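This report concerns only the one structure given below.
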């Protein structure tokens, strides 16, 4: 009888450990620029019924970078990126973060489409961030707070 209770407790503990490992979020710091206060994280989210999903998050001076919809694609704010990288001191654009996300657009004839958008973000004056589209050369200034 005591053996059956011990086996039941062990099975319950094993099930609890397996199910808890199937859910959760894990953030890994990939790069940090201590001069310009950038941090880039890889975030992995696990959900038992869906699987594993990963994205990148960028922090500037401790705040999550959220690009307003006027800067992105006009339909949504973006804070989760497909990829992100903080350029280090070996590049001429030191202090810049490059991000890529999927934008949702509509053609002139009304057909919706999706495209990858690349933006370069660098610190401006105070809490301002200068966002540059390297494809078109357009720049915009946003407040980081």
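The values are calculated or read from the model by the stated rules, or taken from the named source; none is laboratory data. As the structure is a computational prediction, the values presented were derived from the model and not from experiment. Neighbour counts are summed over all protein chains in view; Cβ atoms, including those assigned to glycine, are modelled from backbone coordinates with ideal geometry.
Please tell me if residue 92 is part of a loop (DSSP other than H, G, I, E, B), closer than 25 Å to residue 30 by Cα and either under 18 Å from the mean Cα position of the chain (by Cα) or modelled with pLDDT under 90 (or both). The answer is yes for residue 92. Return yes or no: is residue 41 over 25 Å from residue 138 (Cβ atoms), surrounded by 16 or more Cβ atoms within 10 Å (Cβ to Cβ) and touching a strand residue (DSSP E or B) at 6+ places or on another chain (Cβ under 9 Å)? In short, yes.
Could you list, in sequence order, the residues of segment 128-143 that are assigned to a loop (DSSP other than H, G, I, E, B) and either more than 20 Å from the chain's Cα centre (by Cα) or closer than 15 Å to residue 70 by Cβ (or both)? Matches in segment 128-143: 133, 135, 136, 137, 138.
Residue 129 meets each of the listed conditions (1) touching a residue at least 40 places away in the same chain (Cβ under 8 Å); (2) within 27 Å of residue 24 (Cα to Cα); (3) surrounded by 15 or more Cβ atoms within 10 Å (Cβ to Cβ) apart from (2).
Scanning segment 107-126 for residues that are surrounded by 13 or more Cβ atoms within 10 Å (Cβ to Cβ) and either out of contact with any strand residue (DSSP E or B) (no Cβ under 7 Å at 6 or more places or on another chain) or part of a strand (DSSP E or B) (or both) turns up 117, 118, 119, 120, 121, 122, 123.
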